[in-house]
Amino acid sequence: MRKNIGERIFKNLTLLSSLIIILVMGAIFYELLIASIPSIKRFGWRFLIETIWDPVIEHFSALPSIYGTIITSIIALILGFPISIGIAIFISEICPYYLKQPLSFIIELLGAIPSIIYGMWGLFTLAPIIQIKIGPFLNKYLGFLPFFQGYPMGVGFLTAGIVLAIMIIPTISSISREIISAVPKEQREGALALGMTQWEMIWKVVLGNAKSGIFAGGILGLGRALGETMAVTMVIGNSPKISLSLFSPGYTISSTIANEFTEAVGKLHLSSLIELALILFFITFFTIALTRYFIIKRIEKR
Amino acid sequence: MNYRIRKIYSEIMLGLCVFSFILGVFFLFWILGDLFIKGLSSLNLSLFIELPKPPGIPGGGVANAIVGTLLLSIIAGIIGIPIGILAGVYIVEYGNNRLAWWTRFISEVLSGIPTIIIGVFVYILIVISMKRFSALAGGVALSIIMIPIITKATEESLKMVPNSVREASYALGAPKWRTIIKVVLPSGSSGIVTGIMSAFARIMGETAPLLFTSLNSSFWSLRLDQPIASLTVTIYNYATSPYKEWQNIAWASSFILAMIVLLLNILAKYYARRKTHF
């Protein structure tokens with residue numbers, strides 16, 4: 001009898017812990033939704049399509065922040081994704097076996113650095129370089145494109161995108177490396193035996209086999225870039241405007257929240273900030289949930 | 001295309017892969033090097049023992065922030081470690097059902113939710129109902145970040161424990177819960193400890209969830225119902241201030257923070273390497 005009580009208590013404790021995780025997730029969604037009702041009632045769908053964010057006249061809309069979030073994440077993916085795949089290929093296909101562990105650990109360290117330190121580096125080291133060197137250079141040679149027009153101020157979409165690109169490298173490259181290593185050896189040998197060069201083997205056989213996994217890794221990196229707060233807040237320039245020029249300062253969803261949350265006096269201001277958080281929650285929840293779902297399904301199939 | 005051109009093309013592309021790896025390492029060393037140069041030059045003893053001072057007055061430290069970060073991590077650990085481990089146990093030992101699948105899935109998703117959202121959530125849940133910013137709120141926010149990491153680590157290391165070990169314990173007449181506590185968890189302990197260490201490394205570097213839960217403070221405080229300083233929020237406030245001496249303190253604090261976090265990560269790696277699998 002005593003045994004049964006112990007068993008029941010322990011089992012229920014573990015069950016309770018599992019339920020807490022699910023409950024927390026549900027509560028996050030519920031609380032955000034309830035707290036953003038004033039803003040939803042006041043602005044409705046216009047919240048998503050208007051471009052004014054002005055606490056003084058109490059008119060809020062999300063488009064400038066959403067625009068900034070998407071632009072910085074796209075820059076991060078364009079710069080970071082190819083580098084991450086290159087790193088994954090280097091570690092799993094090119095470097096000698098005994099270096100694999102240490103070299104992948106070095107890249108993992110890049111992911112262990114706290115985001116506030118990326119922010120420090122971005123603000124004090126990268127931003128001046130963008131302002132003085134890279135910005136004018138891009139402006140001079142690619143200035144005919146709308147993206148590189150205007151005067152580079154150092155902080156802005158481009159700086160934030162570059163910092164994000166470095167931050168998502170470890171996420172994408174570690175997942176891609178795992179997927180690439182899982183491609184059977186026989187397929188590589190078969191490809192080489194057919195007379196392919198090493199790169200053709202990697203490109204057609206290995207990457208062809210791993211492409212859905214690498215895609216999932218890219219989406220997870222994107223998830224990290226979309227939600228990253230501190231590093232972006234420090235280098236984006238914090239100004240709620242939409243501009244095609246990558247040199248201009250902007251806002252992302254997370255940096256708007258980080259900047260204004262403690263200073264929000266009006267109820268409507270706070271509620272609008274929470275609605276922004278809700279939007280970010282939706283975006284990241286679905287990107288991550290979808291990819292995780294596919295990854296888990298893949299693993300279960302094996 | 002003849003073979004020669006294909007071969008050259010292959011070499012070029014492989015070279016690009018090597019180049020991208022070098023680029024990654026280059027950024028790592030650039031960031032760490034920056035931290036060493038700018039952090040070490042402003043590092044001094046008063047940083048560890050003095051309280052923050054107003055700008056313009058020389059000296060001043062972040063002693064209260066170091067203690068605050070430790071206190072917040074301890075609160076997070078007290079809440080997060082048991083829940084994380086027990087949920088992991090449920091998934092592996094009791095979970096042959098939909099609920100276990102959902103727990104694992106939700107926990108994976110939770111680990112990817114931006115931490116600032118968790119900050120907003122805890123603000124609504126705790127700060128508004130307590131009517132003040134508090135160390136407790138900060139600790140709870142950090143524990144929510146910690147739980148999925150520990151759950152995953154527990155799940156993966158318990159899966160490695162072979163079934164024969166469990167069966168041997170049952171054969172001796174031990175009930176399931178005692179088997180789990182006395183046999184399965186100790187066998188998987190090294191993986192769990194590694195997970196806990198990397199979870200601590202992760203939460204010590206978190207800023208966003210603390211901005212509007214534990215806020216900041218320039219005094220000594222160990223009270224759970226009062227705002228408390230943390231290294232990361234202090235770095236953020238000092239770095240974005242216009243005062244040069246505060247920016248220097250921010251660099252020195254970043255150096256301290258990075259050393260703690262990297263050391264924890266390396267320790268975790270070492271611990272994971274040392275363990276003997278079955």
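Over segment A:36-301, what is the relative contact order in whole percent, taking alpha-carbon pairs under 8 Å and six or more residues apart?
Details: 384 pairs, mean separation 76.5, N = 266.
Answer for segment A:36-301 is 29 percent.
If you stretched the chain out fully between B:Y170 and B:F19, how much longer would it get, using 0.36 nm times the residue separation minus the C-alpha to C-alpha distance?
On the way: separation 151, 0.36 × 151 = 54.36 nm, distance 5.50 nm.
Gain on stretching B:Y170 to B:F19: 48.9 nm.
Provide the FRET efficiency to the nearest 0.05 for the A:L48-A:K211 pair, computing r from the beta carbons and using R0 = 25 Å. It would help to have the intermediate numbers written out before the result.
Working: r = 33 Å, r/R0 = 1.32.
Plugging the Cβ-Cβ distance into 1/(1 + (r/R0)^6) gives 0.15.
Using alpha-carbon positions, what is the distance between the centroids of segment B:94-125 and segment A:67-96, in Å?
Computed from Cα coordinates, the inter-centre distance equals 27 Å.
For a quick check: sort A:K241, B:K182, B:K269 by the number of other beta carbons within 10 angstrom, fewest at the front.
Working: A:K241 15, B:K182 12, B:K269 18.
So the ranking, lowest neighbour count to highest, is B:K182, A:K241, B:K269.
Could you tell me which helices of chain B pass both thresholds, a Cα extent of 15 Å or more along their own axis and a mean Kyte-Doolittle hydropathy of at least 1.0, with helices taken as whole DSSP H runs? Working shown, then result.
Working: long enough: B:3-41 (56 Å, 1.33); B:63-89 (38 Å, 2.16); B:98-110 (18 Å, 0.39); B:135-160 (37 Å, 1.11); B:189-204 (22 Å, 1.22); B:244-274 (45 Å, 0.58).
Passing helices, by number: B:3-41, B:63-89, B:135-160, B:189-204.
Please give the average number of partner chain Cβ atoms lying within 10 Å of the Cβ of each residue in B:102-108, rounded to a whole number.
Numbers: counts 4, 8, 4, 6, 9, 6, 7.
Average per residue, whole number: 6.
Given axes a ≥ b ≥ c from the Cα gyration tensor, I'd like to know whether chain B is rounded (a/c under 1.5), prolate (a/b larger than b/c) or oblate. Intermediate results must be reported in sequence, preceding the final value.
Details: a/c = 2.11, a/b = 1.18, b/c = 1.79.
It comes out oblate by the Cα gyration axes.
For the protein assembly as shown, take the alpha-carbon Rg, divide it by the Kirkwood Rh, and send me Rg/Rh. Don't skip to the end; give the middle numbers.
Numbers: Rg = 24.8 Å, Rh = 25.3 Å.
Rg/Rh for the protein assembly as shown comes to 0.98.
Calculate the mean, over all residues of peptide B:205-211, of how many other protein chain Cβ atoms lie within 10 angstrom of the residue's Cβ. If you can, show how the numbers build up before the last one.
Details: counts 7, 5, 11, 11, 1, 0, 8.
Neighbouring Cβ atoms belonging to other protein chains average 6 per residue here.
Considering only C-alpha atoms, what is the centroid distance from segment A:185-255 to segment A:108-140, in Å?
If you average the Cα positions of each part, the centres end up 19 Å apart.
5 Å is the cut-off here: which amide hydrogens, built 1.01 Å from N in the peptide plane, fall below it relative to A:H59, excluding neighbours closer than 5 in sequence?
Correct list: A:D54.
Give the average, rounded to an integer, of partner chain Cβ atoms located within 10 angstrom of each Cβ in A:161-173. Spell out each step's value before the answer.
Working: counts 0, 1, 2, 0, 1, 6, 1, 0, 5, 2, 1, 0, 3.
That average works out to 2.
Could you tell me the center-to-center distance, by alpha carbons, between segment A:158-172 and segment B:209-247 in angstrom?
Computed from Cα coordinates, the inter-centre distance equals 26 Å.
Relative contact order (percent) for segment A:7-110, with alpha-carbon contacts under 8 angstrom and 6 or more residues of separation? Working shown, then result.
Values: 35 pairs, mean separation 11.5, N = 104.
With pairs under 8 Å counted, the relative contact order is 11 percent.
Connecting C-alpha atoms closer than 10 Å in a GNM of chain A, tell me which of A:L103, A:L194, A:L15 has the biggest fluctuation.
A:L15
When a/c is below 1.5 the answer is rounded, else prolate if a/b is larger than b/c, else oblate, so apply that to segment A:1-85 with a ≥ b ≥ c taken from the square roots of the Cα gyration tensor eigenvalues. Write down the numbers at each step before the final one.
Details: a/c = 5.93, a/b = 1.74, b/c = 3.41.
Oblate is the answer for segment A:1-85, as a/c is 1.5 or above yet b/c matches or exceeds a/b.
What shape does chain A take by its C-alpha gyration tensor, where a ≥ b ≥ c are the square roots of the eigenvalues and a/c under 1.5 counts as rounded, a/b above b/c as prolate, and the rest as oblate? Don't jump to the answer; show the numbers that get you there.
Details: a/c = 2.21, a/b = 1.13, b/c = 1.95.
Oblate shape, in that a/c is at least 1.5 and b/c is the bigger or equal ratio.
Kindly rank A:244-254, B:139-149 from highest to lowest mean number of other beta carbons found within 10 Å of each residue.
On the way: A:244-254: 24.4, B:139-149: 26.6.
The packing order, highest mean first, is B:139-149, A:244-254.
Normalising by the residue count of segment B:1-160, find the relative contact order in percent from Cα pairs under 8 Å and 6+ residues apart. Please report the intermediate quantities before stating the final value.
Details: 117 pairs, mean separation 40.0, N = 160.
That works out to 25 percent.
For a footprinting-style exposure proxy, rank A:M234, A:M196 by other Cβ within 10 Å, fewest first. Don't jump to the answer; show the numbers that get you there.
Numbers: A:M234 29, A:M196 18.
Taking fewest neighbouring Cβ atoms as first place, the list is A:M196, A:M234.
Going by how many other Cβ atoms sit within 10 Å of their own, how do B:S254, B:S241 line up, fewest first?
Numbers: B:S254 26, B:S241 14.
So the residues, fewest neighbours to most, are B:S241, B:S254.
Coordinate-derived values only; no laboratory data. As the structure is a computational prediction, the values presented were derived from the model and not from experiment. Glycine also receives a Cβ, built like all others from the backbone with ideal geometry; neighbour counts cover every protein chain displayed.
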